[in-house]
Amino acid sequence: MKQLEAADPRQIGPYTLLGRLGAGGMGAVYLGRARGRTVAVKVVRPDLARDDAFRDRFQREVEAARLVSGAFTAPVVDADTRDRIPWMATAFVVGVSLDQAVSTRGPLPEDALWALTAGVAEALASVHDARLIHRDLKPANVLLALDGPRVIDFGIARAVDGTALTSTGAIIGSAPYMSPEQAVGEALTSASDMFSLGSAIAFAAGGDSLFGAGAAAGVLFRIVHTEPDLGAVPAGLRDLIASCLAKNPDDRPTPRQVSEFVEREGHPIPSGGWLPEAVAADIIAVRAVMTTLPEPPPTRPFTQVAPVLGSAVAVSGAAEPLPAASDGAGPGRPESGRPEPGDAVAGRPEPDRPGPDRPGPDRPWTSRRKLILGLAGGTLAVAGGGTWLALGGTGQAGGGSGRPRPSGDDVPEATLAWKDKQSATCPQVLSSHGVVACPSLERVLGLDDEGNTKWTVNGADHGIAFSVQGSLPNVIAAVDGDHLYVAGMSMKSTAMQSAVLAIDLANGKAAWTATLDRPHTRGVLRFCGILDGTAYLIGWGDGKDHGPTPAGYHVWALDLASRTTSWLYGEDTDLIVSALPQRGDHTLFAGTTRLRALDADGKVAWAKKAEPHTVDAAGRNFVLVDGGSRMSALDPATGKSLWSVPDAVPASLRGDGIAADKDGKILYALWQDKDHGYSLGALDSGTGRTRWKAPLPADSKDSRPFGARLLCADGNLYRMGADSVVWACDPSNGKPRWKYTGMKGTDPTKLAWTAGDGRLCLSDPTATTVAALHANGA
């Protein structure tokens, strides 16, 4: 077993491994064969195999997967969780994913939709009968095989009795297919899977996600607050899918009720010939390639059989990057499609003479690869192995800057200044004028330098409920001068008008309340910030009459000196994120597909199509990181791109994707390196010229892809990692000064944070705790 510590294995249990299909945080997934049977073998990383707690977790995953059986799932066929290197083998399904089929062949016809609905419902019935919740049902986890659909990937399943296979309280899943309760981090029941079923079938019918694409925060907001358009769903199925998409979990049908409805309407459970001819042809082409794979003798070197697999198993073009194998805690990172020198698994042959299965000058790797990538348009799928798996190259050590990646072991641990347990969730924390302000739904607390309560402001005393949404972080307040401004909803009338309460930071006295006096608006969604004495807020309702319920969104510009509305801008589509420059008179607002810059009078200065994953500002310029990870600086007056750089890491679900110094001259961002680690970098905000770039210590190996969260204050550049470790770095070179690991293991998407006034503050709304550290870490 010593080889397992240094390279890919050749044999696990009775299975000869033909090649590696993909990898995630837990380990790697291989195509295995024994006694003529082909399986997908998940092999745990050697370092994790030495962790007894991890072995227990892997054992629970195997037990959960074993519980699930049925014609429309892919069961576990073998496993040894007590082997030196634990492994699990699952049934191998040759097919194409629903995601891939729709992306390449278009929406499914009505007959196939009925069969798909019944098959997925039957699969969920098996899952729920085992007292499990799938929690990540999406088109990529539904395989279309010739004999019916299969639901795969139970690695992030959660037991109905509350026994989690993942960290407590983690929000896990794929944003466009989450249920409303999953999106806000509430406790889940099996009804959550039914919402995901409805979303997946609607995707199959229309070709697009019901709740759009783009920034996860925007998608989740629409899931919770908007009603989807089901016009593409056939009339006979529409009411059923609408019931699955009910916001209230109690109003959704069970899997058995869905199956019974399909049978009652005269549409049978899936059987042969249920797919369109083009999709069926793709599956047949993939199957033909698989049947030509040789049965290797156990002694055949691994690198000799891997090129054969490399030619046959490849990921075809898809609408979005395809993840590598699931690690049991959510989708893994996409593997690089570029082979590295000597990496036979990536499809590069050994330097040897050509043969029937080896490329040469007259036999390039085109015939089978073209069959999969072009003619077939399909992808080889691994059932139970996670998701769609790609053969990829290994990453190089060190960061993209060429400097070796530091371990971080020599970085001193910061001393916690104080930690306070509160009685209510605190979705945001602010630090200014010697006070740490913690707003909740009903009140705002002001804490002193020791974490003791200095003052309390009750919203009810001023007829306002603050804009807290569940236990997720949200920006609902801002500081300007010596006052704190908190957004909410006026409770003095039934109109549910947006309101702002001004509080003196020194003594906690409520100075005044301003209310939005415009019809067809309702409540504040987000406090965007304050610029030159004007507060900017995004709220519900576009100010136009759409009937009894306000529709769309608005931007409310509130003059803080006069406490009156400067202007209101309404939009019938989503407005989710915003950017206020450090100087200038233009503001930027974005949904999932478009940017809109507003001038000082609230008029649209310019608009442009984009897929904004990060929207921010540095100095006078706006900064955009799009869906292709390209960072651009935009002229605030025209929207013209001033400069752009590739490969920037977009913001996490909680924003804070970039940071700028106090003058806005230097912009700090994160870049992902070839080894899947990160480098911190500084750019000149005016020209985009790189000032420096430095590799960061690696996040914990079991942490999931997260995005960028950065703050710059008090002479420090802060970075929150995917494992919730916070690093304080020197903004002149990126060198870590200190780290704080006290939040390690917490879901970083559930943490709020702020920096300023000589301290870094962290809030965990789920645990209702607030912690503070001094800027020097001491």
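Between Asp83 and Asp52, the contour length at 0.36 nm per residue exceeds the Cα-Cα span by 9.9 nm. Note on Thr415 and Arg689: with the Förster distance fixed at 60 Å, the Cβ-Cβ geometry gives a FRET efficiency of about 0.95.
Express in % the proportion of alpha carbon pairs of the range 555-598 at distances exceeding 17 Å. Each step should come with its number before you reach the end.
Numbers: 372 of 946 pairs.
Counting every Cα pair in the range 555-598, those more than 17 Å apart make up 39 percent.
Note on Gln11 and Arg583: their simple-model spin labels are 7.2 nm apart, each label 7 Å out from Cα toward Cβ.
Overall shape of the range 493-584 was characterised from the C-alpha gyration tensor. The equivalent ellipsoid obtained from it has semi-axes of 23, 17, 10 Å, in decreasing order. With a simple spin-label model that places each label point 7 Å from the Cα along the Cα-to-Cβ direction, the separation between Ala561 and Lys247 comes to 4.0 nm.
The value given for the range 477-630 is a Kirkwood hydrodynamic radius of 16.0 Å, derived from the mean inverse Cα-Cα separation. How big is the Kirkwood radius of the range 401-514, worked out from every pair of different alpha carbons and given in Å to one decimal? Mean inverse Cα-Cα distance, inverted, gives 15.6 Å.
In a fully extended conformation the segment linking Asp647 and Asn733 would gain 29.0 nm over its present Cα-Cα distance, using 0.36 nm per residue.
Residue pairs exceeding 23 angstrom between C-alpha atoms, taken from Lys674/Lys750; Lys42/Lys739; Lys665/Lys693: Lys674/Lys750; Lys42/Lys739. For the range 100-264, a Kirkwood radius taken over Cα pairs fed into Stokes-Einstein (4 °C, viscosity 1.567 mPa s) yields D = 82 µm²/s.
Of all alpha-carbon pairs in the range 620-668, indicate the percentage at a distance above 14 angstrom. Value for the range 620-668: 53 percent of Cα pairs lie more than 14 Å apart.
Spacing of the modelled spin labels on Lys492 and Glu186, each 7 Å from Cα toward Cβ, amounts to 3.1 nm.
In the calculated pair-distance distribution of the range 571-627, the portion above 18 angstrom amounts to 24 percent of the Cα-Cα pairs.
Readers should treat all values here as calculations from the given coordinates under stated rules, not as data from a laboratory. Computed from a predicted model, the values in this text were never measured in an experiment. Heads up, the Cβs are rebuilt from the backbone with ideal geometry, glycines too, and the neighbour counts pull from every protein chain shown.
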